[in-house]
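Engineer: Supplied in structure tokens, the structure appears directly below.
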Amino acid sequence: RCKADGGHAYCFFTASMNKQLRENFQMEQALRRGLGRDNELLLHYQPRVDMHTGQILSLEALARWVHPDLGLLPPARFIPIAESSGLILNLGPLVLRQVCQQILHWREAGITPVPVAINLTTQELYKHNLVQDIQKTLDTFQIDPGLLEFEITESTAMRSMEDAIAILARMRAAGFKLSLDDFGTGYASMSYLSHLPVHGIKIDQSFITNLDQDNEHCGQAATIVKAMIGLGLNLDLEVVAEGVETLHQQQFLLDHQCVRGQGFLFSHPRPPEDIEPLLHTSARLLPQAEQQDQQRP
Ligand code: C2E
Ligand code: MG
Ligand code: MG
Ligand code: MG
């Protein structure tokens, strides 16, 4: 019902707000049900490669949700809802168990497993007993902590720096590898990076994309990416470039000592059965034809 003095704008706003709230609520309910069922939450895996040799260094697990009506949904459609509703605290452990099962499956198939990276949101990182819970799951599956990496974004780490440092130090002591995701988007001062006990940074894909926008008059993206690589390497961190899509980007990164890359140029995120052949023997991932970049998963 409209307020008499509110006018049409007020009515319209309320109606669209209601619609948005209702949609979010429906998604939340569907996600809650989905997390209780088998097969609705899937993981795709994207290789991170040595761009010199094409060797697969590790995989990143990326969640997908098979919504009963809407089909396959990307994380942007459900991770924010999971985070705001608290459902992320159910989703996270499910992702971890699926990764452990996958590693076991590969091991049983005679494939030497490569480390798998798992993303953690803010709520997950600061959750009570995070490290103990992860360790319990690993014990159950008898998986070496060295096979797991965790990625947190710069803004998650900055939310509460002191706590983040303590938690990350505990994770590191437990044997996990840690990296700072979406690096460069958190607007943090550079000095803070040396205080965070992470093994590496992942340069956000927006900076890599901009490398192709540079021209002879303006090389801002190149300058920024070079500075980030230099900062990381000087702090003895592993530097990974995210979202590498073109040969030009690959060449630029290699020319500036950034050897590790992840992106559609090498592979889209793929279901585990499509990743498996790449893990056999000494498979190498060489750049795909650039026209394949138009395919979006
Ligand atoms: P992220 O961790 O920064 O993951 C990288 C994203 O970039 C992935 O999107 C990946 O598909 C995409 N990407 C990789 N290479 C390229 C490329 O060359 N070009 C372009 N345009 N994109 C590329 P995705 O799978 O949609 O995931 C989005 C975000 O959702 C992730 O960003 C991560 O923050 C979050 N996420 C995904 N899975 C999980 C999960 O299991 N748990 C949590 N907490 N967050 C997750
Ligand atoms: Mg990530
Ligand atoms: Mg990222
Ligand atoms: Mg991202």
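Engineer: At 1.4 Å probe size, with the rest of the protein present, what percent of the exposed accessible area of the stretch 103-154 is carbon and sulfur atoms?
Structural biologist: Whole-percent figure for carbon plus sulfur exposure: 50.
Engineer: Also, I was wondering about something else. Taking the Cα centre of the chain as origin and charging only Cβ (+1 Lys, Arg; -1 Asp, Glu), how large is the dipole, in debye to the nearest 20?
Structural biologist: Dipole about the Cα centre, nearest 20: 900 debye.
Engineer: Follow-up question, since we're still on this one. Place a +1 charge on the Cβ of each Lys and Arg in the stretch 41-155 and a -1 charge on the Cβ of each Asp and Glu, then give the dipole magnitude about the Cα centre in debye, rounded to the nearest 20.
Structural biologist: 220 debye
Engineer: Check which residues have an amide H placed less than 5 Å from GLU60's amide H, if you skip close sequence neighbours.
Structural biologist: Those qualifying (amide H under 5 Å, at least 5 residues apart or on another chain) are GLN46, ARG48, ALA117.
Engineer: Once both labels are modelled 7 Å past Cα along the beta-carbon direction, what's the ALA109-ILE224 spacing in nm?
Structural biologist: The modelled label-to-label distance comes out at 3.9 nm.
Engineer: Hey, another quick one. Out of residues 5 or more away from LEU148 or on other chains, whose amide H comes under 5 Å of its own, with H placed 1.01 Å from N in the peptide plane?
Structural biologist: For LEU148, the qualifying residues are VAL116, LYS177.
Engineer: Counting DSSP beta bridges in the chain, what percent are antiparallel, to the nearest 5?
Structural biologist: The antiparallel proportion sits near 45 percent.
Engineer: Which listed residue (GLY261, GLN29, SER58) has the Cα farthest towards the positive end of the charge dipole for the chain, taking +1 on Lys and Arg C-beta and -1 on Asp and Glu C-beta about the Cα centre?
Structural biologist: GLN29
Engineer: At a 1.4 Å probe, what is the % contribution of carbon and sulfur to the accessible area of the stretch 252-291?
Structural biologist: The C+S portion of the solvent-accessible surface of the stretch 252-291 is 50 percent.
Engineer: Run the numbers for SER206 and ALA174: contour at 0.36 nm per residue of separation, minus the present Cα-Cα distance, in nm.
Structural biologist: Full extension of this stretch gives 8.3 nm more.
Engineer: Then there's this: Would you work out the relative contact order for the chain, in percent, from Cα pairs under 8 angstrom that are 6 or more residues apart?
Structural biologist: Answer for the chain is 18 percent.
Engineer: Grab the DSSP H runs of the chain that are 4 residues or longer, score each as -39,500 (n - 2.57), total them, divide by all residues and round the 222 nm result to the nearest 500 deg cm²/dmol.
Structural biologist: The per-residue figure over the chain is -13500 deg cm²/dmol.
Engineer: Something else: Please give the per residue accessible area of the stretch 53-160, computed with a probe of 1.4 Å over protein heavy atoms only, in Å².
Structural biologist: In whole numbers, the stretch 53-160 has 44 Å² accessible per residue.
Engineer: Here is a further query. Before I look further, what does the stretch 174-275 give for accessible area per residue, probe 1.4 Å, in whole square angstrom?
Structural biologist: Spelled out: the 1.4 Å probe surface of the stretch 174-275, per residue, equals 44 Å².
The values are calculated or read from the model by the stated rules, or taken from the named source; none is laboratory data. Predicted model only: the values in this text are computed from it and were never measured. For neighbour counting, all protein chains shown are included, and Cβ atoms are generated from backbone atoms with ideal geometry for every residue, glycine included. Heavy atoms of the whole protein, side chains included, go into the accessibility calculation; ligands, DNA and RNA do not. Shrake-Rupley method; radii C 1.70, N 1.55, O 1.52, S 1.80 Å.
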